[in-house]
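J.: Below you'll find the structure I mean.
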Amino acid sequence: MDKAQHAITELQKMIDESKAVVFFGGAGVSTESGIPDFRSVDGLYRQQWKYPPETIISRSFFDSNPQEFFRFYRAKLLTKGIKPNAAHYKLAELESKGKLIAVVTQNIDGLHQAAGSKNVFELHGSVLRNYCMKCGAFYTQEEAFCTEGVPICTKTPGCKGIIKPDVVLYEEGLDQAVIEGAVHAIERADMLIIGGTSLSVYPAAGLIRYFHGAHSVLINKTETAGDSSAELVIHDSIGAVLSQLSAG
C-alpha cells in the first residue's frame, strides 16, 4: 500500500470510529466546481483589476463606490450555473448517513446546500441571499442581478434602496448567531475534518480552536499553518480524497 492509499485508509478508519464529524472548509472546496479561490496563483487576489480585490470587497468601498463594487461582484463572485463537486456530494452523503453533524464553510456559493447538506454554517454569508438596505425586502440572486448597474429595490413602492448581497465584506463583523452555531457544532464533534483552506482568514480560522475531540484531519493541496497540529495531513485535492471514502 502506497503512502497516499494508506492516508485514505487511515481517514476512513477515523470516520468509521466517529459519531459526530464536523467539516470546516474554505475556497479549495469550490475550486473544483470552477470557482477561483482567493490566494492561489490563479486566485482573485492575483488577478488584475482597477482596484485591489481586497479593497473592492470592503464595506467602505461598497458604500463609496457601489457601481464599481457591483461590476466586480457580477464578474467574479456570482455563481450562476456552477454545480457542486465530489466533495460537496460526499459531505452531504455523510450527513444523510448520520456521520456528519455540520458543515462550517467560509464559502459564499451555496454549493453545500445544492448538494444536499442541511446543517451548514456560512461564516461569510451567501451570494444566493440579497436584501434591500432600506426596506429589508429579500431578493434571490436572479432577481437582484437581472439588470446591469447597482441593483435597486422594486418590491416596495417608492423604496429604491440598494440591494446588498448577504455576504460579509471586509470591515464587517461575522453574524453572531452563525458563529455560535458553528462553535457549538465544533465543540460537540469527536472528529474535525479541515479541507480546502489555508487557515489564514480570521476570525473564521480561529474557530477550530474549539475542537477537543479525538480525531483531527487536514486536507489541502498545499501546506498550511495547521499541519503541525493535525493528527492526519493529506496534501491532495479535497474532492479526490473524499470521493474515495465510504459513508457507511
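J.: Got at least one residue in region 179-200 being at pLDDT 90 or above and over 30 Å from LYS13 (Cβ atoms)?
T.: There is at least one residue in region 179-200 that is at pLDDT 90 or above and over 30 Å from LYS13 (Cβ atoms).
J.: Okay, moving on. Would you say TYR170 is open to solvent by 70 Å² or more (accessible area, probe 1.4 Å) and modelled with pLDDT under 95? Before you say what the answer is, go through the steps one by one.
T.: Numbers: open to solvent by 70 Å² or more (accessible area, probe 1.4 Å): yes; modelled with pLDDT under 95: yes.
In short, yes.
J.: Hey, another quick one. Of the residues that sit in region 64-83 and are among the polar types (S, T, N, Q) and not in a helix (DSSP H, G or I), which one is farthest from GLU143 (Cα to Cα)?
T.: Going residue by residue through region 64-83, those that are among the polar types (S, T, N, Q) are 64-65, 67, 79.
So of that shortlist, the ones also not in a helix (DSSP H, G or I) come out as 65, 79.
Values: ASN65: 22, THR79: 14 Å.
It comes out as ASN65.
J.: Looking at this structure, is ILE234 open to solvent by 10 Å² or more (accessible area, probe 1.4 Å) and under 18 Å from the mean Cα position of the chain (by Cα)? It would help to see each step written out before you state the result.
T.: Details: open to solvent by 10 Å² or more (accessible area, probe 1.4 Å): yes; under 18 Å from the mean Cα position of the chain (by Cα): no.
The answer is no for ILE234.
J.: So the check is Cβ under 6 Å with 6+ separation or different chains; which pairs have a first residue in region 1-23 that's hydrophobic (A, V, I, L, M, F, W, C) and outside any loop (DSSP other than H, G, I, E, B) and a second one that's modelled with pLDDT under 95 and open to solvent by 90 Å² or more (accessible area, probe 1.4 Å)?
T.: Every condition considered, the pairs that remain are ILE8/GLN244.
J.: Could you give me the residue pairs with C-beta distances under 6 Å whose first residue belongs to region 219-234 and is in contact (Cβ under 8 Å) with a residue 12 or more places away in the chain, whose second residue is in a loop (DSSP other than H, G, I, E, B) and open to solvent by less than 90 Å² (accessible area, probe 1.4 Å) wherever it lies, and which are 6+ apart or on separate chains?
T.: Matching pairs, first to second residue: THR224/SER198; THR224/LEU199; ALA225/LEU199; GLY226/LEU199.
J.: Let me ask something additional. Looking at region 48-75, which of its residues are closer than 13 Å to VAL150 by Cα and open to solvent by less than 70 Å² (accessible area, probe 1.4 Å)?
T.: Within region 48-75, the first condition is being closer than 13 Å to VAL150 by Cα, and the residues that meet it are 62-74.
If the condition is that a residue be closer than 13 Å to VAL150 by Cα and open to solvent by less than 70 Å² (accessible area, probe 1.4 Å), then PHE62, ASN65, PRO66, GLU68, PHE69, PHE70, PHE72, TYR73, ARG74 are the ones that fit.
Per-residue answers, yes or no, for (1) in contact with a strand residue (DSSP E or B) (Cβ under 6 Å, 6 or more places away or on another chain); (2) modelled with pLDDT of 95 or more:
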{"position": "ALA75", "(1), (2)": "no, no"}
{"position": "ALA92", "(1), (2)": "no, yes"}
{"position": "GLU95", "(1), (2)": "no, yes"}
{"position": "VAL103", "(1), (2)": "yes, yes"}
{"position": "ILE108", "(1), (2)": "yes, no"}
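J.: Looking only at region 79-117, count every residue that is under 27 Å from CYS146 (Cβ atoms) and surrounded by fewer than 17 Cβ atoms within 10 Å (Cβ to Cβ) and tell me the total.
T.: 4
J.: Pull up region 125-164, narrow it to residues that are in contact (Cβ under 8 Å) with a residue 60 or more places away in the chain and in contact with a helix residue (DSSP H, G or I) (Cβ under 7 Å, 6 or more places away or on another chain), then point me to the one that is surrounded by the most Cβ atoms within 10 Å (Cβ to Cβ).
T.: PRO151
J.: Determine which single condition SER216 fails, assuming it passes every other condition in (1) free of Cβ contacts under 8 Å to residues at least 60 places away in the same chain; (2) open to solvent by 20 Å² or more (accessible area, probe 1.4 Å); (3) not in a strand (DSSP E or B).
T.: (3)
J.: Under 9 Å between Cβ atoms, which residue pairs at least 6 apart in sequence (or on different chains) link something in region 173-187 that is closer than 23 Å to GLY213 by Cβ with a partner that is surrounded by 17 or more Cβ atoms within 10 Å (Cβ to Cβ) and among the charged types (D, E, K, R)?
T.: Here the result reads VAL178/GLU122, each pair linking region 173-187 to a residue that is surrounded by 17 or more Cβ atoms within 10 Å (Cβ to Cβ) and among the charged types (D, E, K, R).
The values are calculated or read from the model by the stated rules, or taken from the named source; none is laboratory data. Note that this is a predicted model, so its numbers are computed, not measured. Note that each Cβ is placed from the backbone with ideal geometry, even for glycine, and that neighbours are counted across all protein chains shown. Remember, those area values only see protein heavy atoms, side chains included, never the ligands or the DNA or RNA. Shrake-Rupley method; radii C 1.70, N 1.55, O 1.52, S 1.80 Å.
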